[in-house]
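Report on one structure; see the data block that follows.
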Amino acid sequence: MPILNLVMSLSLILNLLIALAVIALLVVFVLWLRDRHSKTPKVTTKTLAYYAGLLVIFLIAKLVMH
């Protein structure tokens, strides 16, 4: 029974991390769209790829958990 509680809490934490990663990716995407024509962009394609990679890692961890 304690193992089930641990798995459920890890699942909840992963769900929260996935939700935060989706929100962060949306914010970074909007900032990237705004800055892409700027001469000195604050959000580069590399930053966008980094946040997308984080989301993919969390989704893979979620799939491995189930």
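Share of the chain's accessible area from carbon and sulfur, percent, 1.4 Å?
Working: 4100 of 5270 Å².
Carbon and sulfur together cover 78 percent of it.
Residues in the range 41-50 carry Karplus couplings, in order, of x, 7, 10, 9, 5, 4, 5, 4, 5, 4 Hz; the curve used is 6.51 cos²θ - 1.76 cosθ + 1.60 with θ = phi - 60°, and Gly or Pro positions show x.
From the list (1) 52, 33, 17; (2) 31, 29, 27; (3) 57, 15, 12, can you say which value of Cα extents along the principal axes in Å was derived from the structure given? Computed from the coordinates, Cα extents along the principal axes in Å corresponds to (3). Couplings for the range 21-38, taken from phi via the Karplus curve 6.51 cos²θ - 1.76 cosθ + 1.60 with θ = phi - 60°, read 5, 5, 4, 4, 5, 5, 5, 5, 5, 5, 5, 5, 4, 6, 8, 5, 9, 7 Hz in order; Gly and Pro are left as x. Across the range 13-66, the relative contact order, built from alpha-carbon pairs under 8 Å that are at least six residues apart, equals 45 percent.
The values are calculated or read from the model by the stated rules, or taken from the named source; none is laboratory data. Values in this document were obtained by computation on a predicted structure and should not be read as measured data. Areas reflect the complete protein model, heavy atoms only, side chains present, ligands, DNA and RNA absent. Shrake-Rupley method; radii C 1.70, N 1.55, O 1.52, S 1.80 Å.
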